[in-house]
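Peer 1: Handing you this structure, nothing more for now.
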Amino acid sequence: MSTVRATVLASAATLALLAAWTLTGLAGRPARVRVSGAWVMAPTAARTGAYFTITNTGDQADELLGVSTPDASSAMLARHSYAAGVGRMTMLDGLVLPAHTDVRMTPYTTNVMIQPSGLLPVGRRVRFTLVFRYGGAVRVTAVVVPPGGGPAAP
Ligand SMILES: [Cu+2]
């Protein structure tokens, strides 16, 4: 008798734990993005690149939908590719961020092309807002580095 009662109590406790587990979202953590390593290449032309490392620690994919900055007249997601010494730039509508993945932008892969509205000397800080489909808006400050001063090609 006491054994049966203990089992019933244990089941109730298990159900309560399961409910709490589901309610707190541990059953599958939603996309959660973190932005780090933000830098801007000091401009040598009308447009230059901004680079971010985006970490999705969630259990589902997210997507970077757009980037804005008060320090540039435009900011567009782009993919740069090189073949036989010829560079090509393609504009992107979004950048998918798989679950549990770091996406590191570089001059040789995906980046954000900006058209600065004023001078961007080395050391200047540039404010950005990155908007994610699930992660919402994330603000980050990037620092301007000398041309060629960013991370090396992969
Ligand atoms: Cu470009």
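Peer 1: Round to the nearest 10 and report in Å² the accessible area of MET91, as given by a 1.4 Å probe over the protein chains' heavy atoms.
Peer 2: In the full protein context, MET91 sits at about 90 Å².
Peer 1: Express the accessible area of segment 92-133 per residue in Å², computed with a 1.4 Å probe while the remaining protein chains stay in the model.
Peer 2: 54
Peer 1: In terms of modelled amide H atoms, which long-range or inter-chain residues lie less than 5 Å from the amide H of TYR134?
Peer 2: Here GLU63 satisfy the definition.
Peer 1: So, one more: With a ≥ b ≥ c taken as the square roots of the eigenvalues of the C-alpha gyration tensor of segment 33-145, please select rounded if a/c is under 1.5 and otherwise prolate if a/b is larger than b/c or oblate if it is not?
Peer 2: oblate
Peer 1: Whole-Hz Karplus ³J(HN,Hα) for segment 52-58, in order, using 6.51 cos²θ - 1.76 cosθ + 1.60 and θ = phi - 60°, x for Gly and Pro?
Peer 2: With coefficients 6.51, -1.76 and 1.60, one gets 9, 10, 10, 10, 9, 8, x Hz.
Peer 1: Turning to a different aspect of this structure: Which whole-angstrom value gives the distance between the alpha carbon centres of segment 88-149 and segment 35-52?
Peer 2: The two parts, judged by their Cα centres, are 7 Å apart.
Peer 1: Hey, can you rank 109-117, 128-136 by average C-beta count inside 10 Å, highest first? Could the numbers behind the result be given before it?
Peer 2: On the way: 109-117: 20.3, 128-136: 18.0.
The peptides rank, most packed first, as 109-117, 128-136.
Peer 1: Between GLN60 and ARG104, what is the label-point separation in nm under the 7 Å Cα-to-beta-carbon projection?
Peer 2: 2.9
Peer 1: What are the ³J(HN,Hα) couplings of segment 138-149, residue after residue, when phi is run through the Karplus curve with 6.51, -1.76, 1.60 and θ = phi - 60°? Round to Hz, x for glycine and proline.
Peer 2: Coupling constants for segment 138-149: 10, 8, 8, 10, 10, 10, 7, 10, x, x, x, x Hz.
Peer 1: Once amide H atoms are built 1.01 Å from N in the peptide plane, which residues 5 or more positions from THR109, or in another chain, come under 5 Å H to H?
Peer 2: Amide H neighbours of THR109, under 5 Å, 5+ apart: HIS80.
The values are calculated or read from the model by the stated rules, or taken from the named source; none is laboratory data. What you see is a predicted model, and the numbers here were worked out from it, not measured in a lab. Neighbour counts run over all protein chains shown; Cβ positions are idealised from the backbone, glycine included. Accessible surface areas use protein heavy atoms only, side chains included; no ligands, DNA or RNA. Shrake-Rupley method; radii C 1.70, N 1.55, O 1.52, S 1.80 Å.
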